[in-house]
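The values are calculated or read from the model by the stated rules, or taken from the named source; none is laboratory data. As the structure is a prediction and not an experimental result, all values here were calculated from the model. Quick reminder, even Gly has a Cβ in these numbers, built from the backbone with ideal geometry, and neighbours come from all protein chains shown.
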Amino acid sequence: MATKVFYLIQILSAILSVFLILLHSPKGDGMASIGAASQLFASQKSTEKGLNKVTYFFVGVFVLSTFVLGFILK
């Protein structure tokens, strides 16, 4: 049962990580360049900063779930 939960966490965090990484812009525009959505954020820097934090969180969850699954399935 525990392995199924960690598999689910790993899959969801992987999908969300890929999605969040694709939202990053190589020029620093990122989500702030999506037209009217840029009005919601104070600046492009704060948008990228927040997006980076969320991305790092989900990548960390993915890495931790990978290690936990490795030790469980050992």
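Residues in the stretch 1-27 that are of a type in the set (Phe, Trp, Tyr) and surrounded by 12 or more Cβ atoms within 10 Å (Cβ to Cβ): Phe6, Tyr7. The set of residues from the stretch 28-46 being surrounded by fewer than 12 Cβ atoms within 10 Å (Cβ to Cβ) and at pLDDT 65 or above comprises just one member, Ser46. Beta carbons closer than 9 Å, at least 6 apart along the sequence or on distinct chains, pair a first residue in the stretch 1-28 that is touching a residue at least 60 places away in the same chain (Cβ under 8 Å) with a second that is surrounded by 12 or more Cβ atoms within 10 Å (Cβ to Cβ) for Ala2/Val68; Thr3/Leu69; Phe6/Ser65; Phe6/Thr66; Phe6/Val68; Phe6/Leu69; Tyr7/Ser65; Tyr7/Leu69.
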